[in-house]
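Here's the structure we're looking at; comments come further down.
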Number of protein chains: 4
Amino acid sequence: MIIVMEENAPDSAIERVIRRVEAAGLRTHLSKGIERTIIGCIGDERIISQIPFAAMPFVEKVLPVLSPFKIASRAFHPDDSVVEVGGVRIGGGALTLMAGPCAVEDAESLLASAKGVREAGAQILRGGAFKPRTSPYDFQGLGEEGLKLLSETGKALGMPTITEVRTLAHVPVAEKYADILQVGARNMQNFDLLREVGRTRKPVMLKRGMANTAHELLMAAEYILAEGNSAVMLCERGIRTFETSTRFTLDVSAIPVVKQSSHLPVIVDPSHAAGKASLVSALARAGVAAGADGVIVEVHASPENALCDGQQALTPAEFAGLAAELKAIHGILREKHGTPGGARAAERSAEARW
Amino acid sequence: MIIVMEENAPDSAIERVIRRVEAAGLRTHLSKGIERTIIGCIGDERIISQIPFAAMPFVEKVLPVLSPFKIASRAFHPDDSVVEVGGVRIGGGALTLMAGPCAVEDAESLLASAKGVREAGAQILRGGAFKPRTSPYDFQGLGEEGLKLLSETGKALGMPTITEVRTLAHVPVAEKYADILQVGARNMQNFDLLREVGRTRKPVMLKRGMANTAHELLMAAEYILAEGNSAVMLCERGIRTFETSTRFTLDVSAIPVVKQSSHLPVIVDPSHAAGKASLVSALARAGVAAGADGVIVEVHASPENALCDGQQALTPAEFAGLAAELKAIHGILREKHGTPGGARAAERSAEARW
Amino acid sequence: MIIVMEENAPDSAIERVIRRVEAAGLRTHLSKGIERTIIGCIGDERIISQIPFAAMPFVEKVLPVLSPFKIASRAFHPDDSVVEVGGVRIGGGALTLMAGPCAVEDAESLLASAKGVREAGAQILRGGAFKPRTSPYDFQGLGEEGLKLLSETGKALGMPTITEVRTLAHVPVAEKYADILQVGARNMQNFDLLREVGRTRKPVMLKRGMANTAHELLMAAEYILAEGNSAVMLCERGIRTFETSTRFTLDVSAIPVVKQSSHLPVIVDPSHAAGKASLVSALARAGVAAGADGVIVEVHASPENALCDGQQALTPAEFAGLAAELKAIHGILREKHGTPGGARAAERSAEARW
Amino acid sequence: MIIVMEENAPDSAIERVIRRVEAAGLRTHLSKGIERTIIGCIGDERIISQIPFAAMPFVEKVLPVLSPFKIASRAFHPDDSVVEVGGVRIGGGALTLMAGPCAVEDAESLLASAKGVREAGAQILRGGAFKPRTSPYDFQGLGEEGLKLLSETGKALGMPTITEVRTLAHVPVAEKYADILQVGARNMQNFDLLREVGRTRKPVMLKRGMANTAHELLMAAEYILAEGNSAVMLCERGIRTFETSTRFTLDVSAIPVVKQSSHLPVIVDPSHAAGKASLVSALARAGVAAGADGVIVEVHASPENALCDGQQALTPAEFAGLAAELKAIHGILREKHGTPGGARAAERSAEARW
């Protein structure tokens, strides 16, 4: 951590900051410039990250040097993490396709959608039972009954399943029926829920909040990892911006940004970002081309009869065409870089630019 | 709801949309323009708000006409709502000052801060026991022990108290000790928590999410109101933008926007928006000048020793100066408009502009 | 255009709006719903787009039905436009690679960079002579001298050139030396400059403003097209958001959004979006995978000695690797869709979803 | 400037950076921490601000310590600047009201609006002759003819005038007729125009770009100041965010942020931020309460007949009511702080918090 003092800071103010840093067990390193005095703090800056130096007299600003996350960091785990679930690998050079309807509606419609996506090459079946809806008057999902249907359909077709948990009470229920627990964008900073899924031994997919930076996503992942659950994957699903022609703005840059800072797999969700079916394929291709380890796509056997988000669902036939493209694009990256993690290394190699 | 068809939509596609609207019990009104055919839907558009018309062939776009919230709407309740708690009025022309430390730390420090803010004119004491923290390694609050201290301090000084609940389990505990339950920005769309506080009979202060529009805030309030709890107040605390010199961008426009659409009181939180003490007073004044019914300000007897957010806390002396200014500004608005609700009426009166 | 009246609008207010629409030569279509009266305007809504209906008493809101741009619209020109310059095709299924240094610095360094990018497969040479710099104390470009060097280098290597014009006086100078005129993001709504480049007969590349929507980009293109210059291409280069790990947020969704609404070619600029070299390749791949007709990439023979934006420049060797990937990804899209325009048609075909 | 090296940076890479800093004439100060090596640069960091250290091998990040603007900085000029024009003072504790129509339309309508605002207390008359319009098909202003009308009206009523210049050619024309030249939001980074108005001896009002930070606004002001024109005032007029209920989001925080960093006066424009008349008064009050030195408000004698932005224009009667409120609010701030500059000093006094 570097503490920059105001131009006219008296020595007494500088000494006061130094004493406080040293009282916490770190060493300091003073650098008197022409216009500013700068105090470098040497030692584990996480120890002093909670001290409000900015509230001390004559402190102009505080510049952190290290990222505040540890276990999620690539420095902690240089190789790509791989999450395995029911024989499907996520991360480490694989391309994983997750697909299915927004919500589980009934057995028949779910089976139709699930068969469609499996034939198209999807390995993991998605389906919501606890739906977060903007309006209290909208369809809220089937609850445990929906999870049962999802589980039965997944088993019948040999597909692991992923479903969203919205509150603590959903966790044990979803744990019983589903293979991957999803924490949605609106709950990315629901710290109690993060801890709760961290205490299960199910893989977790954590979606980026619509107003959160890529680094805040890693801090939220840290909550799950710190509870001992290392099977965490992240999901980029769009952030809120002024652009109104899409529901959210898919931030494809977040994919390489996260992969440079972290070893966790990154999945891209083009459906919620786009908010309309005609844009989904282009965004899914962009995500895989940017280095994502997989996609999660809303597919419905009959979008216009969907109870939830039909306007953004692909048909199984559309998804089949997309899946073929994604595999081909992934093949090009793999051919060149070995694995996306390898790609990362190749693309930022410092030595190569010397 | 208005449904705009694509330019070359065939009659069969138009008829298909019409049949679907009419099957739901609404009437339609067809308008064939030169470039587009438009289908107006007559009746309660909330009934058809869940039908994914945009997923139907040749539908170009769907334009809602009405706001999706009901109970929160000013059409539903034309006069300003007033929330009363322990003899303090919030809304309806009053100016309510809430202040106190970010977190309850210990009895002595809480009492020092509380005495300071009471002397300065604050009516309601704030203090967090369950802190939402970006990092799992930061101070997380004292929990129930903190609530007890808050309650005792409030009683000793004759001040009702407000505290944040972060998850369902916190609700009964906070209900036992505090007078107002706060739902934080990160939980604005935690729909389960909204329902849970809606089932209590304690007043609720709902903070706007950092990526949510003013209308989404009203939709979230609707979740609480729909459970039967009508003592809801809203809080503007800044949204996330590209500007980095403040922690968030206080959206003062949201105050009149919400007051035009809704009858609920609006409180402004300048502390979290600013993120630094030297900006808090200017933002608090701006909020009251824009028509807010009150402020909630972080005040600490010794900011540089605060365990949480010390850099944005005012001292009691600074708050006393601010409180005097806020009362004077509120007096000016009151003199002219009677009440902020009256202000609203005066400022948008259609007839006056004829 | 649809005009929604307030709930309690008297007949006299409704008639007043109708008279004003009809006085402008359009017909109206009245629809009295249960809660609102709606006035549909039939005829060319561009005629009445300037009338401030929202300032009339009891008007609640005004909903436009049509896009305000004409010549830029795909309805006006259903096939993809193709821009041809010096034997290079841009749009219509081709993939065009533009590359070169941020600024022209001197003959030797420019030649080194230019040779590098030509060998890697770039067809068009970029280089700035009039640099828009945030600080008045930064290097501002070589001016006409820089354009001469760019032109000579381009001719020597058989590459058409592209350069930015920043003000009206630059246009005739750049027209003399360069093959494509670029209007930068900060000038997207410099309407005088748009008209001026519209009066030349050189192709123009118009970059999206960092705070502008995709539809505003098309409106700005309309200014150029309306002057009679139809050789316009658009460029997505990132928008401003709260995310700080990149300089701007590349909005890949804008590529299919623009292609659905318009026939103009779309180029992606990953360098300015990323702001750092290690992210450029991932963003370039994402852009092409999303359907872009080409890329414009900053490449410098020695990035750490660049006078401008060295931190985001690729080396020629890095660009060669990227170019190979981009061609392969483009090949996959072309194989499936014929052309990106065809891709568009395939991806949003309404009939296919019936 | 502080340069942070990557964790595993070899000594050779560190030495390479040091040599480059020292070659530019600055001294370095090395600090080897446990996880990172940090290089402090001692001397005028503006000299090395253009060196792309981030492009050098093993450099992780570059942290500037000083603001890049000089003449605009409060360190350069500790007291508030005051701009005087035709006997009206702007800044230094005064409250200046500027008002008038969006565009000059004709003599009669201008006179009606001007008389209205003068009676209400406005000191400066605004009116556009060169209008920047999103659509090429909209009314573009009367040009020089409009400036003549503005000048005659201003002289007849004893009001100095302000008008926007959009391109270099407008500057000498506007200089001839108007008293203050305005550079609009879309031109905040039109660096050629900034230099041109910097070469005149007329006061300039520079509006903040809709995607620009407060510090970028000060950098843009620096372009004008660096040409020798010190009569510069800044204008906050809203930034682009995801919120759609206003045209832009007025960033009131920018007012104290700019005043802490700079000595230049700050004017607030509530009309363009709001985009609708019913919100303008609340935003104007908020701006003055946050410490603005004045407001610029669109007022039209008959908003619904305005040729430009009628929906956001106040009537003269509405403006009269607003002006009274603004003066009263300003009086409260003045009473307490002496001047807004004094307010600044009082609000951030470090000593007071010791």
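Only residues that are more than 8 Å from chain D (Cβ to nearest Cβ) and at pLDDT 95 or above: list them for the range C:196-211, please.
C:GLU196, C:VAL197, C:GLY198, C:ARG199, C:THR200, C:LYS202, C:PRO203, C:VAL204, C:MET205, C:LEU206, C:LYS207, C:ARG208
Give, as residue ranges, the strands (runs of 3 or more DSSP E) completely inside the range B:101-190 that count at least 2 residues that are farther than 23 Å from B:LEU218 by Cα and within 21 Å of the chain's Cα centre (by Cα).
Ranges flagged: B:124-126.
Limited to the range D:116-134, what total is found for residues that are among the charged types (D, E, K, R), out of contact with any Pro (no Cβ under 8 Å at 6 or more places or on another chain) and modelled with pLDDT of 95 or more?
1
Can you pull out the residues in the range D:5-54 that are in contact with a Ser or Thr (Cβ under 8 Å, 6 or more places away or on another chain) and facing another protein chain (nearest Cβ under 7 Å)?
Of everything in the range D:5-54, those that are in contact with a Ser or Thr (Cβ under 8 Å, 6 or more places away or on another chain) and facing another protein chain (nearest Cβ under 7 Å) turn out to be D:HIS29, D:SER31, D:ILE38, D:GLY40, D:ILE42.
When you look at A:ILE48, is it in contact with a strand residue (DSSP E or B) (Cβ under 9 Å, 6 or more places away or on another chain), at pLDDT below 90 and more than 30 Å from A:SER271 (Cα to Cα), yes or no?
Answer is yes for this residue.
May I ask you to say which residue of C:THR134, C:THR213 is out of contact with any Ser or Thr (no Cβ under 8 Å at 6 or more places or on another chain), without any contact (Cβ under 8 Å) to a residue 12 or more places away in the chain and either more than 21 Å from C:VAL258 (Cα to Cα) or among the hydroxyl-bearing types (Ser, Thr, Tyr) (or both)?
C:THR134
Would the range D:131-145 turn up any residue that is in contact with a Cys (Cβ under 9 Å, 6 or more places away or on another chain), of a type in the set (D, E, K, R) and surrounded by 19 or more Cβ atoms within 10 Å (Cβ to Cβ)?
yes
Which one of these is touching a Phe, Trp or Tyr at 6+ places or on another chain (Cβ under 8 Å), over 27 Å from B:GLY228 (Cβ atoms), buried (at least 22 other Cβ atoms within 10 Å of the Cβ) and away from chain B (no Cβ under 14 Å): A:VAL83, A:VAL104, A:VAL117?
Residue meeting the stated conditions: A:VAL117.
Counting only residues that are touching a strand residue (DSSP E or B) at 6+ places or on another chain (Cβ under 8 Å) and among the polar types (S, T, N, Q), which one in the range C:250-265 is farthest from the other protein chains (Cβ to nearest Cβ)?
Filtering first and then ranking leaves C:SER262.
Quick one: which of B:LEU125, B:LEU168, B:LEU147 is aliphatic (A, V, I, L, M) and either out of contact with any strand residue (DSSP E or B) (no Cβ under 7 Å at 6 or more places or on another chain) or under 26 Å from A:SER49 (Cβ atoms) (or both)?
B:LEU168
Given the criterion more than 26 Å from D:ALA120 (Cβ to Cβ) and buried (at least 22 other Cβ atoms within 10 Å of the Cβ), identify the matching residue among D:LEU168, D:LEU181, D:LEU234, D:LEU194.
The match here is D:LEU194.
When only residues in the range A:224-238 that are out of contact with any Gly (no Cβ under 6 Å at 6 or more places or on another chain) and within 15 Å of A:PHE76 (Cβ to Cβ) count, which is nearest to the other protein chains (Cβ to nearest Cβ)?
Among them, the one singled out is A:ALA226.
Consider A:LYS61 carefully, then state whether it is in contact with a helix residue (DSSP H, G or I) (Cβ under 8 Å, 6 or more places away or on another chain), without any contact (Cβ under 8 Å) to a residue 60 or more places away in the chain and either within 30 Å of B:GLU318 (Cα to Cα) or not aromatic (Phe, Trp, Tyr) (or both).
Considered against the rule, which asks whether it is in contact with a helix residue (DSSP H, G or I) (Cβ under 8 Å, 6 or more places away or on another chain), without any contact (Cβ under 8 Å) to a residue 60 or more places away in the chain and either within 30 Å of B:GLU318 (Cα to Cα) or not aromatic (Phe, Trp, Tyr) (or both), A:LYS61 comes out as yes.
With respect to B:ILE255, is the statement that it is surrounded by 24 or more Cβ atoms within 10 Å (Cβ to Cβ), part of a helix (DSSP H, G or I), touching a residue at least 12 places away in the same chain (Cβ under 8 Å) and in the same structural domain as B:SER230 (by TED's automatic domain parsing) true?
yes
How many residues does the range B:55-80 hold that are facing another protein chain (nearest Cβ under 10 Å) and in contact with a Leu (Cβ under 8 Å, 6 or more places away or on another chain)?
3
For the range B:266-277, name all the residues that are within 11 Å of another protein chain (Cβ to nearest Cβ) and more than 14 Å from B:LEU326 (Cβ to Cβ).
Within the range B:266-277, B:ALA273, B:ALA274, B:GLY275, B:LYS276, B:ALA277 qualify.
State which residue is farthest from D:GLY91 (Cα to Cα) when the search covers only the range D:191-227 and only residues that are part of a loop (DSSP other than H, G, I, E, B) and among the hydrophobic types (A, V, I, L, M, F, W, C).
D:ALA211
So, in the range C:278-308, of the ones that are within 14 Å of chain D (Cβ to nearest Cβ) and crowded, with 24+ Cβ neighbours inside 10 Å, which residue ends up farthest from C:GLN140 (Cα to Cα)?
C:LEU279
The values are calculated or read from the model by the stated rules, or taken from the named source; none is laboratory data. Remember, it's a predicted structure, so these values are computed and weren't measured experimentally. Don't worry about glycine lacking a Cβ; one is built from the backbone with ideal geometry, like all the others, and counts go over all protein chains shown.
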